[in-house]
Amino acid sequence: MDRKDRRVVTKLEHLRVMILDDDSFMRHILTETLNQIGVTDVIVQKDGPSALVFILAQEPDDAIDVLLCDLHMPNMDGIEFISKLADSATEIGLDLGLVIVSGADNLIIRMANLLADAQGMEVLGVLRKPVAKDDLCAVLEKALD
């Protein structure tokens, strides 16, 4: 690891990241990848309703910095989740970066991105599954700005 990589990892250590994905294997892989790039404060949720309750219950000092959100989930899909989160975020002044993580087709991903953007959410990026470590790191660096 060169000097620049070490500086980025050191900065990423301070991020609090939530993974929202119904697939346990994907949650495990994303958690491991985040740990490899220096993110150790990782919260994992497997469904939209639970994630929404968790995020909204956080005190400002414990707030999530970045949300990695899958789009295809049962009960509440990622698009519905993003919409509900955006509605609540404006009410309580929630400020988190959204990363859409999906294997869905481009049209669905684009719709989710446009929805989040239209509702005032900061979309840090879109990552296709399987997620490459360098791509994840690059997107998370945007949260540091």
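Helix-only arithmetic for the chain: the sum of -39500 (n - 2.57) across DSSP H runs with n ≥ 4, divided by the residue total, places the mean residue ellipticity at 222 nm at -15500 deg cm²/dmol.
Here, region 8-114 has an Rg and a Dmax of 13.4, 37 Å when only alpha carbons are counted.
In this structure, T90 and A57 have a Cβ-Cβ separation that, at R0 = 25 Å, corresponds to a calculated FRET efficiency of about 0.90. With a sphere of radius 14 Å drawn around the Cβ of R110, what net charge do the other residues whose Cβ falls strictly inside it have (Lys, Arg +1; Asp, Glu -1)? Around R110, the surrounding residues sum to -1.
About the centre of its Cα atoms, the chain shows a dipole size close to 500 debye [charges on the beta carbon of Lys, Arg (+1) and Asp, Glu (-1) only; nearest 20 debye]. Computed from backbone phi, the HN-Hα couplings of region 19-36 come to 9, 10, 7, 7, 8, 4, 5, 5, 4, 5, 4, 5, 4, 4, 5, 4, 4, 5 Hz, rounded to whole numbers (Karplus: 6.51 cos²θ - 1.76 cosθ + 1.60, θ = phi - 60°; Gly and Pro given as x). Proximity of backbone amide H atoms, modeled 1.01 Å from N, is registered between R16 and D65, V66 at under 5 Å, excluding neighbours fewer than 5 places apart on the same chain. Structural descriptor for the chain: relative contact order 22 percent, calculated from alpha carbon pairs under 8 angstrom and at least 6 residues apart. Each residue of region 138-145 was assigned a 3J(HN,Hα) from its phi angle through the Karplus curve 6.51 cos²θ - 1.76 cosθ + 1.60 (θ = phi - 60°); the sequence is 4, 5, 5, 4, 5, 6, 7, 6 Hz, with glycine and proline shown as x. Taking Cα centroids, how far is region 121-145 from region 25-40 in Å? Cα centres, region 121-145 to region 25-40: 13 Å. Model label sites at D23 and A138, defined 7 Å from Cα along the beta-carbon direction, differ in position by 2.1 nm.
FYI, it's all coordinate maths here, none of it is from the lab. Keep in mind that this is a model prediction, so the values were computed, not measured. Cβ atoms come from the backbone with ideal geometry, glycine included; neighbour counts cover every protein chain shown.
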